[in-house]
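S.K.: Take this structure, written in structure tokens, and hold onto it; I'll ask about it next.
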2 protein chains.
Amino acid sequence: MTARIRRFLSDVRPATPCLVMDLDSVRNAFEGLAQSLPRAAIFYAMKANPAPEILRLLARLGSSFDTASIYEIRDALAAGARPERISFGNTVKKQSDIKAAYDLGVRLFAFDSAGELEKLAAVAPGARVYCRLHLDFSSTADWPLSHKFGCSFPMAKELLTQAGEMGLDPYGVSFHVGSQQRDAGAWDMAVSRAAMLFTDLAEQGVNLRMVNVGGGFPAHYRTEAAPQNTHCEALMQAMQKHFGNRQPDLLVEPGRSMVADAGLIQSEVVLVSHKQKGGPRWVYLDVGKFGGLIETLDEAIKYRMTTSRDGGPVSRAIIAGPTCDEVDVLYEETPYELPNDLKPGDMVEFLSAGAYTATYCSVGFNGLPPLKTYCV
Amino acid sequence: MTARIRRFLSDVRPATPCLVMDLDSVRNAFEGLAQSLPRAAIFYAMKANPAPEILRLLARLGSSFDTASIYEIRDALAAGARPERISFGNTVKKQSDIKAAYDLGVRLFAFDSAGELEKLAAVAPGARVYCRLHLDFSSTADWPLSHKFGCSFPMAKELLTQAGEMGLDPYGVSFHVGSQQRDAGAWDMAVSRAAMLFTDLAEQGVNLRMVNVGGGFPAHYRTEAAPQNTHCEALMQAMQKHFGNRQPDLLVEPGRSMVADAGLIQSEVVLVSHKQKGGPRWVYLDVGKFGGLIETLDEAIKYRMTTSRDGGPVSRAIIAGPTCDEVDVLYEETPYELPNDLKPGDMVEFLSAGAYTATYCSVGFNGLPPLKTYCV
């Protein structure tokens, strides 16, 4: 918990549950990454947290924006981003949305299929397009991104060749090593595949100029992960090794690593109970899977937690959300220990909760309002 | 698809995705259940679909309401429900919310733990309380509800005895056989346990008067389920067998079975693609897990689907949603077949989608607005 968040919570005592974001932390994350990767253009993956205050801050700092929908494009523009700093990074887009983005000045689009290329050629003539490659990193990322998106290597070659013939600008290639990637070595394999694609296509007269390495930089959850600098060094080494003195434009799309550690979810204990004598202790909070913590599905993301009773003896607890849905259990298999004297009304904080929380929240399941965000 | 929904879609051509609810179907479901269970008080589990038009219709028809939060209680009252027809059915409630409900006139509350009973005794003196029993039906329900809620039989006995000593009215017992329960025989086991609790407590001078059998009546998804009448007959037989001529008040809390079949989600194909030559066909829609179809998690609920190209040859497809999230795949293991000539812009309908869709929807993930509901 940062000093600014601590002060806000003690001064304002906001109703729970809520998400508090420290904008200084976001600024530090952006500037830290810009220092570690001076050659890279940073496209903030705004789906991670599109709070207007965050978008405005990053636009002022010179960030570019990776967007997933025409709605996000409009929000980025409203926050001060210029259209030439926006990438429409979703490989699944309605043709009408591509046209709307193009009309707003956006000229950079992702694709991974023949069908998407046809739509782009129809309504975004001359736009820079990049093809997303499918790579398999599922074993070393907590939230893998290697299945629904991306095409095979041979298909990428074919589509990038066709792109030029269709009046588009075949700009480059993208891949994602997986959100919350733990293995810094994954970068070498991915960059080597990208470089191979550059070489193969150059032989056919298609000159790619850009590598988009996605996000995947980790945040500070319970699970150990290599620090961001280790990832950046591994990436730069891989770029040097595989592209040598012909370095392409380098794009990164950090989402989680830009905002996760800057945010804290404050929640309140609603009930502590046992279902039977000698049974496990259940701790029910006023935030759950449908209130912003959907990434606890299958206990994938294991948040660090603090409570207002920390310091005394602790013991195992099953941690659950407030809704009448059996699925709304946060941690049962993962061994979380909470203070023995925790009781209704006590505060429980989820740390590094600034990414993929507020907008994932349900619009009103069980009548509960969406998670409120405060930026300090 | 009902004739009224068909007419609305062809007359209005609403932007997709959207949910269209046929209020006549809701009325038929309510009246059908009231006929099948003439002795039961119907408490609509409004979390299934709290659209104001549905709440107003059911209030007019004489329905009572099972609510999960103080917000739902206020919505039910705003729709015309009287407080004596409202149950605060969540076993996990903030004390301040119990007090607010009590101040609004609500006098019927669920609990399953000592901690909850203490809160009720503190701020809802004299209220009727019922204890939720834990029963295990997980093997025969598509969306089981037997783990997070309910206490053991011995604990229920103890807590219901204490309730009276604490100034509350120990009214009865509740259980849930599971949402979308497929085994009509589950009712006998559950009712027999409830009757045993009545007998045991009567020996201690505690006279329970109510059995709340929850919901669990099925909707028409792809998976076969016994029809509602079979369930109602099994329930009435079990009540007769185990309670004889001393029938208690009977409460049912249908949610899914009241609204699921009355609703249809209209969506549009955004992309049809292959990731590699000879690979499976992917069909991407403009609705997905975060846009209302969260019950497709683990492919639990298998919706029936129709398309605007039905009639010609079909083949297997993986069906996915529109967001940049790997988890947003609807059906991959389940063998869905879709028309071979399906293409972007074609319409795809999810049938029996009126329950647990609109309010489960994310508030804005990927910038996408929540699912809009039309009641016709």
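The values are calculated or read from the model by the stated rules, or taken from the named source; none is laboratory data. The model shown is predicted, which means the values in this text are computed figures rather than measured ones. Methodologically, a virtual Cβ is constructed for each residue, glycine included, from the backbone with ideal geometry; neighbour enumeration extends over all protein chains shown.
S.K.: If you go through the stretch B:256-286, how many residues are among the hydroxyl-bearing types (Ser, Thr, Tyr) and at pLDDT below 95?
M.R.: 1
S.K.: Within the stretch A:41-53, restricting attention to residues that are in a helix (DSSP H, G or I) and over 14 Å from the mean Cα position of the chain (by Cα), which residue is nearest to residue A:263 (Cα to Cα)?
M.R.: In this case the residue turns out to be A:53.
S.K.: Which residues, taken from the stretch A:227-285, are within 18 Å of residue A:301 (Cβ to Cβ), within 14 Å of chain B (Cβ to nearest Cβ) and of a type in the set (S, T, N, Q)?
M.R.: A:267 - this is the single residue of the stretch A:227-285 that is within 18 Å of residue A:301 (Cβ to Cβ), within 14 Å of chain B (Cβ to nearest Cβ) and of a type in the set (S, T, N, Q).
S.K.: Tell me which residues, restricted to the stretch B:339-363, are in a loop (DSSP other than H, G, I, E, B), within 14 Å of chain A (Cβ to nearest Cβ) and more than 14 Å from residue B:310 (Cα to Cα).
M.R.: Quick first cut of the stretch B:339-363, residues in a loop (DSSP other than H, G, I, E, B) only: B:340-346, B:351-357, B:361, B:363.
So of that shortlist, the ones also within 14 Å of chain A (Cβ to nearest Cβ) come out as B:341-346, B:355-357, B:361, B:363.
B:344, B:345, B:355, B:356, B:357, B:361, B:363, listed by residue number.
S.K.: Of (1) under 18 Å from residue A:251 (Cα atoms); (2) crowded, with 23+ Cβ neighbours inside 10 Å, residue A:64 satisfies all except one. Which?
M.R.: (2)
S.K.: Might you let me know whether the stretch B:156-169 holds any residue that is among the basic types (Lys, Arg), out of contact with any Cys (no Cβ under 8 Å at 6 or more places or on another chain) and more than 14 Å from chain A (Cβ to nearest Cβ)?
M.R.: Checked against the condition, which is being among the basic types (Lys, Arg), out of contact with any Cys (no Cβ under 8 Å at 6 or more places or on another chain) and more than 14 Å from chain A (Cβ to nearest Cβ), the stretch B:156-169 yields no hits at all.
S.K.: I would also like to ask the following. Inside the stretch A:254-268, can you point out the residues that are farther than 13 Å from residue A:28 by Cβ and among the polar types (S, T, N, Q)?
M.R.: A:266, A:267
S.K.: Additional query: Report the residue count in the stretch A:292-312 for those that are at the interface with chain B (Cβ under 10 Å from one of its Cβ atoms) and either within 18 Å of residue A:16 (Cα to Cα) or surrounded by fewer than 24 Cβ atoms within 10 Å (Cβ to Cβ) (or both).
M.R.: 5
S.K.: Here's a follow-up. Return the residue satisfying two criteria in turn: it lies in the stretch B:78-100 and is over 20 Å from the mean Cα position of the chain (by Cα) and within 12 Å of chain A (Cβ to nearest Cβ), and of such residues it is farthest from residue B:172 (Cα to Cα).
M.R.: Ranking the candidates gives B:78 first.
S.K.: Might you let me know whether the stretch A:207-217 holds any residue that is surrounded by fewer than 18 Cβ atoms within 10 Å (Cβ to Cβ) and touching a helix residue (DSSP H, G or I) at 6+ places or on another chain (Cβ under 6 Å)?
M.R.: Taking every residue of the stretch A:207-217 in turn, none turns out to be surrounded by fewer than 18 Cβ atoms within 10 Å (Cβ to Cβ) and touching a helix residue (DSSP H, G or I) at 6+ places or on another chain (Cβ under 6 Å).
S.K.: Out of all the residues in the stretch A:43-68, which are touching a Cys at 6+ places or on another chain (Cβ under 9 Å) and not charged (D, E, K, R)?
M.R.: Across the stretch A:43-68, the qualifying residues are A:45, A:51, A:52, A:54, A:57, A:68.
S.K.: Follow-up. Do you know which residues across the stretch B:313-322 are more than 9 Å from chain A (Cβ to nearest Cβ) and either part of a loop (DSSP other than H, G, I, E, B) or in contact with a His (Cβ under 8 Å, 6 or more places away or on another chain) (or both)?
M.R.: Hits for the stretch B:313-322 are B:313, B:317.
S.K.: Looking at A:104, A:108, which one is surrounded by 20 or more Cβ atoms within 10 Å (Cβ to Cβ), touching a residue at least 12 places away in the same chain (Cβ under 8 Å) and away from chain B (no Cβ under 12 Å)? Working first, answer last.
M.R.: Working: A:104 fails: surrounded by 20 or more Cβ atoms within 10 Å (Cβ to Cβ).
Among A:104, A:108, only A:108 is surrounded by 20 or more Cβ atoms within 10 Å (Cβ to Cβ), touching a residue at least 12 places away in the same chain (Cβ under 8 Å) and away from chain B (no Cβ under 12 Å).
S.K.: Specify which of the listed residues (A:37, A:57, A:33, A:23) is under 29 Å from residue A:369 (Cα atoms) and touching a strand residue (DSSP E or B) at 6+ places or on another chain (Cβ under 8 Å).
M.R.: Only one candidate passes the filter, namely A:23.
S.K.: Then there's this: Within the stretch A:364-376, track down each residue that is in contact (Cβ under 8 Å) with a residue 12 or more places away in the chain, within 12 Å of chain B (Cβ to nearest Cβ) and farther than 10 Å from residue A:290 by Cα.
M.R.: Quick first cut of the stretch A:364-376, residues in contact (Cβ under 8 Å) with a residue 12 or more places away in the chain only: A:365-366, A:368, A:370-376.
If we keep only those that are within 12 Å of chain B (Cβ to nearest Cβ) as well, we get A:365-366, A:368, A:370-373.
Scanning the stretch A:364-376 gives A:372, A:373.
Table: residues versus (1) buried (at least 22 other Cβ atoms within 10 Å of the Cβ); (2) modelled with pLDDT of 95 or more; (3) among the basic types (Lys, Arg).
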residue	(1), (2), (3)
A:144	no, no, no
A:147	no, no, no
A:151	yes, no, no
A:163	yes, yes, no
A:172	yes, yes, no
A:180	yes, no, no
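S.K.: Which of the residues belonging to the stretch B:5-40 are in a strand (DSSP E or B) and within 17 Å of residue B:253 (Cα to Cα)?
M.R.: The first filter runs over the stretch B:5-40 and keeps only residues in a strand (DSSP E or B), leaving B:18-21, B:40.
Across the stretch B:5-40, the qualifying residue is only B:40.
S.K.: If the requirement is being hydroxyl-bearing (Ser, Thr, Tyr) and farther than 30 Å from residue A:30 by Cα, which of these qualifies: A:336, A:303?
M.R.: The match here is A:336.
S.K.: Let me ask something additional. Scan the strands (runs of 3 or more DSSP E) fully inside the stretch A:56-124 and keep the ones with 1 or more residues being over 29 Å from residue A:21 (Cα atoms), of a type outside the set (A, V, I, L, M) and in the same structural domain as residue A:152 (by TED's automatic domain parsing).
M.R.: A:108-111
S.K.: Now for a different question. Which residue out of A:220, A:176 is of a type outside the set (D, E, K, R), part of a loop (DSSP other than H, G, I, E, B) and in contact with a Leu (Cβ under 6 Å, 6 or more places away or on another chain)?
M.R.: Result of the check over A:220, A:176: A:176.
S.K.: Kindly establish whether residue B:10 is over 22 Å from residue A:269 (Cβ atoms), among the polar types (S, T, N, Q) and in contact with an Asp or Glu (Cβ under 9 Å, 6 or more places away or on another chain).
M.R.: No; evaluated as a whole, the condition is false for this residue.
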